[in-house]
There are 4 protein chains.
Amino acid sequence: MLETVGSEVCGTDVHLFHGRLSGVPYPIIPGHVVCGRLAESQAAIRDVEGRPIADGTLVTFYDVFGTCGACWHCLVARAATRCPHRRVYGITTSAEEGLLGGWAERVELKPGVRVVPLPDGVEPLDFLGGGCGLPTGFHAIERANVALGDTVVVQGSGPVGLNAAIFAQLSGAARVLVVGAPRARLEAARRNGTDEVCDIGEIPDAAARVRFVRERTGGRGADVVIEASGNPAAIPEGLEMLRDAGRYVVVGQYTDSGDVTINPHRHVNRKHADIRGCWGYEFSHLHRALAMMGKHRERFRWRDLVTREYALEEAGQALADMEALRVVKAVIRP
Amino acid sequence: MLETVGSEVCGTDVHLFHGRLSGVPYPIIPGHVVCGRLAESQAAIRDVEGRPIADGTLVTFYDVFGTCGACWHCLVARAATRCPHRRVYGITTSAEEGLLGGWAERVELKPGVRVVPLPDGVEPLDFLGGGCGLPTGFHAIERANVALGDTVVVQGSGPVGLNAAIFAQLSGAARVLVVGAPRARLEAARRNGTDEVCDIGEIPDAAARVRFVRERTGGRGADVVIEASGNPAAIPEGLEMLRDAGRYVVVGQYTDSGDVTINPHRHVNRKHADIRGCWGYEFSHLHRALAMMGKHRERFRWRDLVTREYALEEAGQALADMEALRVVKAVIRP
Amino acid sequence: MLETVGSEVCGTDVHLFHGRLSGVPYPIIPGHVVCGRLAESQAAIRDVEGRPIADGTLVTFYDVFGTCGACWHCLVARAATRCPHRRVYGITTSAEEGLLGGWAERVELKPGVRVVPLPDGVEPLDFLGGGCGLPTGFHAIERANVALGDTVVVQGSGPVGLNAAIFAQLSGAARVLVVGAPRARLEAARRNGTDEVCDIGEIPDAAARVRFVRERTGGRGADVVIEASGNPAAIPEGLEMLRDAGRYVVVGQYTDSGDVTINPHRHVNRKHADIRGCWGYEFSHLHRALAMMGKHRERFRWRDLVTREYALEEAGQALADMEALRVVKAVIRP
Amino acid sequence: MLETVGSEVCGTDVHLFHGRLSGVPYPIIPGHVVCGRLAESQAAIRDVEGRPIADGTLVTFYDVFGTCGACWHCLVARAATRCPHRRVYGITTSAEEGLLGGWAERVELKPGVRVVPLPDGVEPLDFLGGGCGLPTGFHAIERANVALGDTVVVQGSGPVGLNAAIFAQLSGAARVLVVGAPRARLEAARRNGTDEVCDIGEIPDAAARVRFVRERTGGRGADVVIEASGNPAAIPEGLEMLRDAGRYVVVGQYTDSGDVTINPHRHVNRKHADIRGCWGYEFSHLHRALAMMGKHRERFRWRDLVTREYALEEAGQALADMEALRVVKAVIRP
């Protein structure tokens, strides 16, 4: 059992509220990324290295469970994030099954759920400032194979984009540019080491934004572009921002926001592009992302991404603020 | 100097004839892939291992030259097929510069052109049956990282697609399916080891072709799909044929045949797809492809892909037959 | 429950008999790779694609079980073959726990054991001719990243080496050389497509064997060398056979047969070598290896590697014949 | 032509002085890594992006030239650092050919030599503090494929080791440990962000040093170990420090300092280790390393690695100080 200290509000929660995802077993308790204190453990809870975790310790947990380790996706394709048995707290768990979401005073830890203690010096708000954007942005950067000295463009300045911009720097990018809006999110990007930002409010023309990137990359485009905007129109724009033989990671299209038109000759074949979808995250991404947060919590200010904390009964307001982009990161504190 | 034995007619030649490529320095001598006999060599011509090649030897050569080895693309990005100084016999060379194309009795070997003797037992028609589709299909399969036991779908049954189907088998695919037309090309695919073919003449509905693939892959789609059709509409169809976390190589869109609509959520992000453009080929692809042809010339019948040979003065007919898909592979014999 | 049709005798069984492995819970029932018929299944046994397998079907199973999927090795390092909870039928299972080895009339299938039906046309002796060398050799070749057109040298002509030589061909090697003994095993290599063999009985001098390889590789050495001999002295010899920047896979040193001296400057640093240890195999290796056996059972004659079949009470003789290299592959038929 | 500002003294220079390398065309002008000002350029010198570099600009250059781009190693194996035509300023160039070494007032730039301007804010002593250890350490870390969150051990605290420790951090290592001596070098490692050092003067027992690493890595060993010590005995020690399925890069064995004994079962096969030799560096390593130095020159103090500057006539003293490890980095200022 976990006594909830806080749970994030993420973009998926807004989509869930509007019923935009299929296969959700409503009613649900939202809140897939949670921070709390272990309590009333029947058996010893252990971390991934086998060390017992005492009740009262501040922990989070990997929100995905039920991955079978026995199906074709898990064993042959080694694509565990596409395992059909995969379940996620707060998204694919029904309230009728128990307390399986973070917007509640207590969260039930199902057998097999992987618990991770917060590293020394990391407080709940640090972790929740990262939220699910932390392992998601981490996974996107792992997919991107950033080389030391690369220039990385991130499309989108929401939590996933901001975390991707941080992990791009930690992976050795020599330069990180963020293309997004509104201003407050771009300022957060700047405070967290982004070299330059391109405000789509100020530069509403996609071709002008492509020029912005090309002018800063010898006319060639960036080595890596990360799509974290959620807007289908970002796809051709990002491919125009990418250099020949570069890597383009699509991590922002978690819900179906519609189709988009591309030119396969220019955007893919002649460009010799690598386009990589990035779905979900594995335990290793959460584990490694937390280790990096422990080491770099002075350099990057995840905590400051939390614009406002909400009581449980203010959850509706939190969703409304999130949807209107009035906050960078909203946290529910039961 | 090379005394031409034969030169292929490829799809690019049809596009060149219609003026569909930009930046071509007309008039040109077409024919970028050539087979001939070395003649009148001033200095010793050597193969890549440093051995001299005697005049009279049957050889081909790597049609790309001028790659600088000194620019950002060559040295930093290591993307030599995107080097801006790259030139190609019969495509980006003007007839005013000399005999730099294969539709002529003799071809001039510029300094630095890499000459490759035909392997023992490989005759000019074997090599020309592969043509530029040989190293192009080879490169596509290298990009695909076929794992032993994979199922590979090839979209398109032209020379690139047929060679991709052959190299997929040689790379360890357990099963290769070709989706294409017309019948004669699909029969060539079957004779060369393709397990099953899907005739788009018989199954004109894209959704039905996707079902064809999914029914043969446990409902999941193929591990690898190679787009070698040249039709933009093949892109979303191929992505629907691909399994989650599979690899999709786009090698057929060498000219701009228009835009296409995809769904970034379903086709890229949720699918965790790897989409890889594949432009040109490097010397290593030609070198290795020829070694494989030498070894497997009994098992695969490249020579039989040559439907008809044409004299120089019949070149117009060759282009017309190629465009009408009346031939699999046309060869000019000066 | 499995009614045993046959179980292999492998080199590890000889080591087990002599007590050369540590941590073995004697008494054990040997036989980790087994073929049999499903019988008396309580719950539905399903294959990895989720299809039920009827009682009476000829199957094998992945001999490793108990891999936890929850420890640091499984989740963070993604090195499941080094999971400390990993257990193996016939090796780390005690006879006191049940019928957990193939040298018995029946084998108990523990929960979570992955069962694989033999592909159409594959008979028990085909599979047992491959034995544990099948997935082990498969894994070694996966580690080697064979490129189309490579020259591959295999050191050792036991079951692992012979399977590695087969999978090297299936992965696109243009040439495969096997260095080993005795003559009967080298003949098996030749019958299974190996281009040339080097008999260490006839060429007892290591430097002469290195010359044998270099003379066939332009003086440079092979692109890939697979160590499958079990002799520590093979290591420096194999590294001398390897070209600069080549890949050397060490898969034969499953037991500690002693130390060996290498020169780190010449063998590793200046050579820019990739040396890759290869421990155990995962389910995917068995699954994919079987698919390849199903496809290529005419081309490669795994069944012919079975030199002799033994009744259960002849197991001692089988071990003695195996140790004396009088047989290529011995099979116990209870 | 280059007016020399400074040239480094590296370990190879000490070996050259003692005649320990074969094939050196004595007499030579030592000094392969040089910083100077462009002067008297006949034709426009351009950087890799094609921009002209004005005379008077502070530059360095890639010390390797003559790589042919046409041989089997360059074209087929894509292993340019093993091209047999490769030549290196100050090492494989004779004084009789011209001013081809940095211990001279002027250095001649041969055709095809790649010149790189120092990035804004990088001064000659910054660059020379890195010296050839900069691209060498960079290449080693590229070979290591550091994952975000990894623990990296560096064996050796000379210039290569110190640069490897810096680039390991920049690549996303969560923790870097350096094992070396003497104290002054370890202090330089600490000042440059190394988390912990192990002084081999204080812990002379190899087994105790292995324990030092294992105690800090959950008993498992490090994800990555970089051998940069030059001592053959470091090899088995480093392999004991490595976790199962970890990566071990051997970059310190540039001269033949003798053989060493390893256990192939324990150190390679059962460990499932990746052991990677690392020879020379390519232009991209120098280019990217300099970009990183430009970005991180405040965080890492390369300049402080220069313990002492020497006039040309003090070169003998510089070599003696280098050999006695009295300096971290010595620089010749003509």
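What to note about this one:
- Considering A:251, A:224, the condition of being under 23 Å from residue A:148 (Cα atoms), within 7 Å of another protein chain (Cβ to nearest Cβ) and surrounded by 20 or more Cβ atoms within 10 Å (Cβ to Cβ) is satisfied by A:251 alone.
- Here C:289, C:245 are screened, and the one residue that is surrounded by fewer than 23 Cβ atoms within 10 Å (Cβ to Cβ), of a type in the set (A, V, I, L, M) and within 14 Å of chain B (Cβ to nearest Cβ) is C:245.
- Number of positions in the stretch C:88-115 that are among the aromatic types (Phe, Trp, Tyr) and in contact with a Leu (Cβ under 6 Å, 6 or more places away or on another chain): 1
- Only one of B:181, B:206 that is in contact with a helix residue (DSSP H, G or I) (Cβ under 6 Å, 6 or more places away or on another chain) and in contact (Cβ under 8 Å) with a residue 24 or more places away in the chain: B:206
- Considered as a group, the residues in the stretch C:42-56 that are of a type in the set (A, V, I, L, M, F, W, C) and farther than 30 Å from residue C:27 by Cβ include one that is farthest from the other protein chains (Cβ to nearest Cβ), and that residue is C:54.
- Any chance residue C:309 is touching a residue at least 40 places away in the same chain (Cβ under 8 Å) and either more than 14 Å from residue C:137 (Cα to Cα) or among the polar types (S, T, N, Q) (or both): yes
- Within the stretch C:21-75, the set of residues being touching a residue at least 60 places away in the same chain (Cβ under 8 Å), farther than 23 Å from residue C:126 by Cα and of a type in the set (Phe, Trp, Tyr) comprises C:26 only.
- Extreme residue, modelled with the lowest pLDDT, among residues of the stretch A:41-75 that are touching a helix residue (DSSP H, G or I) at 6+ places or on another chain (Cβ under 7 Å) and crowded, with 20+ Cβ neighbours inside 10 Å: A:67
- Odd one out for residue B:192, checked against (1) in contact with a strand residue (DSSP E or B) (Cβ under 8 Å, 6 or more places away or on another chain); (2) crowded, with 20+ Cβ neighbours inside 10 Å: (1)
- The set of residues in the stretch A:256-288 that are closer than 26 Å to residue B:82 by Cα and of a type in the set (Lys, Arg) comprises A:266, A:270, A:271, A:276.
- When the stretch A:274-285 is limited to residues that are surrounded by 23 or more Cβ atoms within 10 Å (Cβ to Cβ) and out of contact with any Lys or Arg (no Cβ under 8 Å at 6 or more places or on another chain), the one that is nearest to the other protein chains (Cβ to nearest Cβ) turns out to be A:285.
- Candidates D:125, D:118: the one that is within 30 Å of residue D:169 (Cα to Cα), buried (at least 18 other Cβ atoms within 10 Å of the Cβ) and either touching a Leu at 6+ places or on another chain (Cβ under 6 Å) or at pLDDT below 95 (or both) is D:118.
- Some residue of the stretch B:2-16 being out of contact with any Phe, Trp or Tyr (no Cβ under 9 Å at 6 or more places or on another chain), in contact (Cβ under 8 Å) with a residue 24 or more places away in the chain and among the hydroxyl-bearing types (Ser, Thr, Tyr): no
- Being in contact with a helix residue (DSSP H, G or I) (Cβ under 9 Å, 6 or more places away or on another chain), part of a strand (DSSP E or B), in contact (Cβ under 8 Å) with a residue 40 or more places away in the chain and closer than 26 Å to residue C:227 by Cβ is a property that residue D:331 lacks.
- Qualifying residue in the stretch D:24-40 (condition: surrounded by fewer than 21 Cβ atoms within 10 Å (Cβ to Cβ) and outside any loop (DSSP other than H, G, I, E, B)): yes
- For residue B:271, the criteria (1) touching a residue at least 60 places away in the same chain (Cβ under 8 Å); (2) more than 30 Å from residue B:19 (Cβ to Cβ); (3) at the interface with chain A (Cβ under 7 Å from one of its Cβ atoms) hold in every case but one, which is (1).
- Verdict on residue A:305 being out of contact with any Cys (no Cβ under 9 Å at 6 or more places or on another chain) and farther than 16 Å from residue A:35 by Cβ: no
- Conditions (1) within 26 Å of residue A:125 (Cα to Cα); (2) of a type in the set (A, V, I, L, M); (3) more than 7 Å from every other protein chain (Cβ to nearest Cβ); (4) surrounded by 17 or more Cβ atoms within 10 Å (Cβ to Cβ): number failed by residue A:324: (4)
- Some residue of the stretch B:254-273 being surrounded by fewer than 17 Cβ atoms within 10 Å (Cβ to Cβ), over 24 Å from residue B:142 (Cα atoms) and among the hydrophobic types (A, V, I, L, M, F, W, C): no
- Of the strands (runs of 3 or more DSSP E) contained entirely in the stretch D:174-284, those carrying at least 1 residues that are over 19 Å from residue C:274 (Cα atoms), touching an Asp or Glu at 6+ places or on another chain (Cβ under 9 Å) and β-branched (Val, Ile, Thr) fall at D:175-180, D:196-199.
- Single residue of the stretch A:1-23 satisfying the filter (among the hydrophobic types (A, V, I, L, M, F, W, C) and part of a strand (DSSP E or B)) that is surrounded by the most Cβ atoms within 10 Å (Cβ to Cβ): A:9
- Checked across the stretch A:293-315, the condition of being in a helix (DSSP H, G or I), more than 14 Å from chain D (Cβ to nearest Cβ) and of a type in the set (Gly, Ala, Ser) holds for at least one residue.
- In the set (1) over 23 Å from residue B:292 (Cβ atoms); (2) surrounded by fewer than 24 Cβ atoms within 10 Å (Cβ to Cβ); (3) within 12 Å of chain A (Cβ to nearest Cβ); (4) modelled with pLDDT of 95 or more, residue B:211 fails one condition alone, (3).
The values are calculated or read from the model by the stated rules, or taken from the named source; none is laboratory data. Everything numeric here is computed off the predicted structure, so don't read it as measured data. Every residue, glycine among them, receives a Cβ derived from its backbone with ideal geometry; neighbour counts consider all protein chains shown.
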